[in-house]
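Following: one structure in structure tokens, then a few remarks.
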Amino acid sequence: LVHLENEALGVFSVLKLSDVVFIPLMTQTAIIDDRILSELNQAGLDGYKFPLIRVHKGKPFSHSRSDKMIGSLNTGYAINLWLGTPPQKLAALVDTGSSNFAMAGSPIKNVKTYFHINQSSTAKIDDEHVFVPYEVGYWYGRVVSDLIHLGIGLNTSIRARFTLITDSHQFFVKDCAWQGVIGMAFYIAAMPLGNPIEPLFDTLIQKTHISDIFTLTLCGPVVQPVSHNSENSDTDGGIMTLGYIDPAQFLGPIYYSPIIHAFLYQVRVYDIAIGNQSLSFVDETSISKVKAFVDSGTTDMVLPMTLRNSIIRYLSKHLPKTIL
């Protein structure tokens, strides 16, 4: 057993390495005991390499499982869901870069299917309206509530509040296989400001008592192009789990990075490597300034201009001009 008590680390109780291990290590600010390093080495981990390590080897919780996602690198990744009574099958983009749950509620550009609220006997309409802007595009609509069932192993329907999108601009992309969005970020990031709509994942945790954890394995096409609307292609989609981690989806240990701001999934960036070549752009004096948030709703990688230029210079030296 390992038990850490340190003001710089907080207080952590740790189970045996053969079962479940939670070993946070802040190597910049704390002295790591040799005995702890020995435990890490036995687990195949380098205690000095990672500022924070957390290895999870637990078994899946009951009544939770993984399910297939649909989509691709170009159009985003979505999960199936059923809304209303009788249930209407739809799909929603899974977005860690926002917190609102919203579905198309009328004919909108690039959306062929939408939620017909007048056909649901369990729908309730609020007087509130929500506007959510993104880096590119926006959507606007009216707040409603209805029964939702996710095709992800939760054998129950719950009532949840969401926005029925009636207007949007550059939000629904061409050939997308989804008709709405499930924002997986924190409650504080939900709109409208001052009176946010509770995120769907928060509602699920409260009403189904699953653990506060989810995973995304996003596996778009790597070699051959595929149809963006195909739900059966082996090269499309990925895997999502709610309430647990599925070890079968990973090779080797799982490393965790601390969330430095519980708004979006913001993390510190310590280095970027191209192939095996480190760019070594971070030093100890600037390490607190290099931050990024993990956004499953976009395929873009946004960088500071100086870092972007460093990457372009490196690629220019090592790749043929025909590729660049």
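What follows is calculated from the coordinates using simple rules that are stated; it is not laboratory data. Not measured: the values here are computed from a predicted model. Cβ placement follows ideal geometry from the backbone for every residue including glycine, while neighbour counts extend to all protein chains displayed.
Table for the structure above
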read-out: Centroid-to-centroid separation of region 301-315 and region 128-154 [C-alpha atoms, Å]; value: 35 Å
read-out: Estimated vicinal HN-Hα couplings, Hz - region 72-87 in sequence order (Karplus 6.51, -1.76, 1.60; Gly, Pro = x); value: 7, 4, 7, 10, x, 10, 9, 10, 6, 8, 10, 10, x, 9, x, x
read-out: Derived scalar couplings ³J(HN,Hα) [region 191-204; Karplus, 6.51 cos²θ - 1.76 cosθ + 1.60; whole Hz; x for Gly, Pro]; value: 9, x, 4, x, 8, x, 7, 4, x, 4, 5, 4, 5, 4
read-out: Cut-off 17 Å, label 7 Å out along Cα→Cβ of Asp67, residues of region 171-204 by amide N; value: 177-184, 200-204
read-out: Over 30 Å between alpha carbons, listed pairs Lys207/Lys291; Lys124/Lys207; Lys68/Lys174; Lys112/Lys291; Lys291/Lys317; Lys89/Lys207; value: Lys207/Lys291; Lys112/Lys291
read-out: Relative packing of peptides 172-179, 83-90 - highest average C-beta neighbours within 10 Å first; value: 172-179, 83-90
read-out: Segments 133-140, 291-298 sorted - mean Cβ within 10 Å per residue, highest first; value: 291-298, 133-140
